[in-house]
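Right, one structure below, let's go through it.
The values are calculated or read from the model by the stated rules, or taken from the named source; none is laboratory data. Because the structure is predicted, anything quoted here is derived from the model rather than measured. Positions of Cβ are backbone-derived with ideal geometry, glycine not excepted, and every protein chain shown enters the neighbour counts.
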Ligand code: CUK
Ligand code: CUA
């Protein structure tokens, strides 16, 4: 079973020997030689899995998009699979120097609107924008059980936000901050009939509302489960629950969502949270909740219908599972859902077809459990191949365990069968894993990515802060084969692998795109046609500068403003050529933005320092790109005129 394991300890011993030798001040030649011998491949001989399967030759394209989260970096990263090349980054909850995300008017509006009114005063000094985000879970929208290529939804654990990314232009178009809850951790979407709902788990328990009236009385705190309408990005409803919510998933019938929950003890310190040896999975009955909203069986708090889903409510059921479960993963068969044990070496398998009986009180909560295989230490997340097999990350064992759902069900009934098919070492401490199309009914069982939290010795040493290690595993055969190590900067928690046929982005912006509709409206008011005019409109102390960009020239080679003016520069890229992006940067003025083909971007700043300031194009666009520049002339204000 564990035939893959011995490689790792032997390699550790080599490193241990070297360290001991160095400490003694003597390194024997044999030890040096040993250090230069490449370690044995951790998954055994190459013949099992030809490395060329991951190679995408020059000029050829990958088969899949992978949407990686980036944790505390706050952005989304797009990779190609199987090459594992990083293709693009989508800034969301972060500031981005290249695109001007967080600086341009277009992005600032989205970021500012994504802050609840009650938090706006606290951010006033920073222009009403959060500077950080903690993005864990990127999940594309569904229609009829599979990806439809419309949107990608992502959470921000740190500032309790959810963002939507348009997949046609790969840009964030909406952010909302959720009231009445503290963090958004688990995020998944409705799979059927469509998205529909975006389900968001509030992790920490706080007073609701959190106004200071209740402080150190944890028994009065609550966590919230929220459903956002993915089309409008408005909150549909919230359900108040017992315990802390961790991860969530939904079924393939559009009837149920289910969340793992830790800290049923409702403590506020670690020993309290781990006191009991059981926590639970909360099941949400979506039709009943919708009915409650229609009938008015809710309390409105901060403008949101809040339904009581605590123990005894008709809207939820609490199924006891071993202590502190983490990942919640629905299988592509539409039948099974797995809660991952974390502190327990088991995963708990539910048959979602039994949930109707559970809500009609025909069976007990634990009767919905159909298997609970013992897999190894620290099971966190599970992925599927669509052929009845599951792949569970074992954080403490640094392994991925492949097991069979049907065998696990039979073993649970007492049959003498072992559901475990294979364990493979990963490097090291895996969190999420994800299989190709594995969260849809189109799971194709080709690839698995293990997102490992530690890389330690797998890459050149880059100092005390190490990259994560996203490892690619070929799961197309009977046995898993590790084929690629991929370093990544902090810190992908989750990734979604989408077949390229599901996504069809534009290469050039449409001039009527809503993303720059405000700029178009401003221009119209000023009698300016963005696509052809380059001019300066003065409106008291406000100056609106409009210019085109067309390789290698800006529409204005200079413009003049006065010290103290509030200046808004609009740049419209009139080049109608794929990949011909321009940038606009003003030297020493903290201004930089990207303007892709046929886009308009704008930025507003105060011209508070007189002098000559060059602006230049930052995106290499033409042989004369260096010459693509102009001057902003800032004349001193009258008060500062010479005496
Ligand atoms: S969580 Cu990080 S490893 Cu936020 Cu999905 Cu499990
Ligand atoms: Cu335009 Cu470089």
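Between 349, 338, the distinction of being in contact (Cβ under 8 Å) with a residue 24 or more places away in the chain, within 16 Å of ligand 1 (Cβ to nearest atom) and either under 16 Å from residue 247 (Cβ atoms) or not in a loop (DSSP other than H, G, I, E, B) (or both) belongs to 338 only. Filtering the range 352-378 to residues that are in contact with a strand residue (DSSP E or B) (Cβ under 7 Å, 6 or more places away or on another chain), without any contact (Cβ under 8 Å) to a residue 40 or more places away in the chain and closer than 19 Å to residue 409 by Cβ leaves only 374. Working only within the range 119-152, note down all residues that are in a helix (DSSP H, G or I) and either at pLDDT below 95 or within 20 Å of residue 604 (Cα to Cα) (or both). Passing the criteria: 123, 124, 125, 126. Looking across the range 473-501 at every residue that is part of a strand (DSSP E or B) and in contact with a helix residue (DSSP H, G or I) (Cβ under 9 Å, 6 or more places away or on another chain), the one that is farthest from ligand 2 (Cβ to nearest atom) is identified as 481. Residue under question is residue 108, and the condition is that it be within 15 Å of the chain's Cα centre (by Cα), away from ligand 2 (no atom under 16 Å from the Cβ) and either surrounded by fewer than 19 Cβ atoms within 10 Å (Cβ to Cβ) or more than 25 Å from residue 212 (Cα to Cα) (or both); does it hold? The answer is no for residue 108. For residue 93, the test of being within 16 Å of ligand 1 (Cβ to nearest atom) and either touching a residue at least 40 places away in the same chain (Cβ under 8 Å) or part of a loop (DSSP other than H, G, I, E, B) (or both) is passed. Where strands (runs of 3 or more DSSP E) fall wholly inside the range 580-637, the ranges with 2 or more residues that are more than 10 Å from ligand 2 (Cβ to nearest atom) and more than 33 Å from the chain's Cα centre (by Cα) are 611-616, 629-635. Could you tell me whether the range 596-607 includes any residue that is touching a strand residue (DSSP E or B) at 6+ places or on another chain (Cβ under 8 Å), on the phi > 0 side of the Ramachandran plot and away from ligand 1 (no atom under 16 Å from the Cβ)? Looking through the range 596-607, at least one residue is touching a strand residue (DSSP E or B) at 6+ places or on another chain (Cβ under 8 Å), on the phi > 0 side of the Ramachandran plot and away from ligand 1 (no atom under 16 Å from the Cβ). What single numbered condition from (1) on the phi < 0 side of the Ramachandran plot; (2) away from ligand 1 (no atom under 16 Å from the Cβ); (3) at pLDDT 95 or above; (4) in contact with a strand residue (DSSP E or B) (Cβ under 7 Å, 6 or more places away or on another chain) fails to hold for residue 232? So residue 232 meets the others, but not (4).
For the range 441-462, taking the residues that are away from ligand 1 (no atom under 15 Å from the Cβ) and surrounded by 24 or more Cβ atoms within 10 Å (Cβ to Cβ), the one that is nearest to residue 488 (Cα to Cα) is identified as 448. Do we have residue 583 as modelled with pLDDT of 95 or more and crowded, with 16+ Cβ neighbours inside 10 Å here? Yes; evaluated as a whole, the condition is true for this residue.
Tallying residues that are under 24 Å from the mean Cα position of the chain (by Cα) and either more than 22 Å from residue 399 (Cα to Cα) or not in a loop (DSSP other than H, G, I, E, B) (or both) within the range 454-472 yields 6. Within the range 356-381, being under 17 Å from residue 280 (Cβ atoms) and within 16 Å of ligand 1 (Cβ to nearest atom) holds for one residue alone: 379.
In this structure, does residue 570 turn out to be modelled with pLDDT of 95 or more, under 20 Å from residue 101 (Cα atoms) and touching a helix residue (DSSP H, G or I) at 6+ places or on another chain (Cβ under 7 Å)? So residue 570 fits the description; yes.
Somewhere in the range 72-86, is a residue at pLDDT 95 or above, out of contact with any strand residue (DSSP E or B) (no Cβ under 9 Å at 6 or more places or on another chain), assigned to a loop (DSSP other than H, G, I, E, B) and surrounded by fewer than 23 Cβ atoms within 10 Å (Cβ to Cβ)? No, the range 72-86 contains no residue that is at pLDDT 95 or above, out of contact with any strand residue (DSSP E or B) (no Cβ under 9 Å at 6 or more places or on another chain), assigned to a loop (DSSP other than H, G, I, E, B) and surrounded by fewer than 23 Cβ atoms within 10 Å (Cβ to Cβ). Any residue at all in the range 613-622 that's more than 16 Å from ligand 1 (Cβ to nearest atom), under 23 Å from residue 543 (Cα atoms) and surrounded by fewer than 16 Cβ atoms within 10 Å (Cβ to Cβ)? Looking through the range 613-622, at least one residue is more than 16 Å from ligand 1 (Cβ to nearest atom), under 23 Å from residue 543 (Cα atoms) and surrounded by fewer than 16 Cβ atoms within 10 Å (Cβ to Cβ). Selection within the range 550-579: residues that are touching a strand residue (DSSP E or B) at 6+ places or on another chain (Cβ under 6 Å) and not in a strand (DSSP E or B). The member of this set that is nearest to ligand 2 (Cβ to nearest atom) is 575. Within the range 527-549, residues that are at positive phi and assigned to a strand (DSSP E or B) reach no partner that is at pLDDT below 95 and within 16 Å of ligand 1 (Cβ to nearest atom) with beta carbons closer than 8 Å at six or more positions or on different chains.
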